[in-house]
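Structure record follows, encoded as structure tokens.
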Amino acid sequence: MKVTRFFATAEGESRFEEVEIPITDPRRDEFGFVMHQSGAFTSPSIRFVELPVGLDQGWHHAPARQIVVLLKGTMEVGTSDGQKRQWSAGTAVIADDLTGKGHVTRVIEGPALVMFVQLPDNFDVASWKP
């Protein structure tokens, strides 16, 4: 499963990259079906937030390394190299720019309902392991 991550570079700028979350661990349910899942981790916090129609935030950092799951609406994030990407309900993105210039966020269609799942401090996004 591919998700977009935005992060801070060593130079203090922000960029997008695609991250592959392996959905390869098999698990058989009680009915005999085999499901494939990612590795699990324990989140320090999970919260639901409603972002209002018209939200247009200037440059800011993610408050924590987190997975943002968009449940309703459409939002847009811009990075310091001028790129912008939009996500709609049913998509996830990893906000991972705790330093540097940060990113800008707009609600394109809203209100937007999002779930923030904080990643553990030692979480390695590249290998998807805590």
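With the structure loaded, tell me whether residue 27 is part of a strand (DSSP E or B), out of contact with any His (no Cβ under 6 Å at 6 or more places or on another chain) and surrounded by fewer than 16 Cβ atoms within 10 Å (Cβ to Cβ) or whether it fails that test. Yes. Restricting attention to region 92-124, the residues that are of a type outside the set (Phe, Trp, Tyr), in contact (Cβ under 8 Å) with a residue 24 or more places away in the chain and part of a strand (DSSP E or B) add up to 20. Residues in region 73-104 that are among the aliphatic types (A, V, I, L, M) and either touching a Cys at 6+ places or on another chain (Cβ under 6 Å) or surrounded by 20 or more Cβ atoms within 10 Å (Cβ to Cβ) (or both): 75, 77, 93, 94, 95. Here residue 78 qualifies as at pLDDT 95 or above and over 23 Å from residue 120 (Cβ atoms). Filtering region 30-68 to residues that are exposed (fewer than 13 other Cβ atoms within 10 Å of the Cβ) and of a type in the set (Phe, Trp, Tyr) leaves 31, 33, 48. Those residues that are at positive phi and either touching a Phe, Trp or Tyr at 6+ places or on another chain (Cβ under 7 Å) or touching a residue at least 24 places away in the same chain (Cβ under 8 Å) (or both), I need them from region 45-91; list them, please. The answer is 54, 73. Screening residue 18 on (1) without any contact (Cβ under 8 Å) to a residue 40 or more places away in the chain; (2) assigned to a loop (DSSP other than H, G, I, E, B) shows it passes everything except condition (2). Taking the criterion of being more than 23 Å from residue 76 (Cα to Cα), among the β-branched types (Val, Ile, Thr) and at pLDDT 95 or above, the only residue of region 1-54 that qualifies is 34.
The values are calculated or read from the model by the stated rules, or taken from the named source; none is laboratory data. Every value quoted in this text rests on a predicted model; they were computed, and no experiment measured them. Methodologically, a virtual Cβ is constructed for each residue, glycine included, from the backbone with ideal geometry; neighbour enumeration extends over all protein chains shown.
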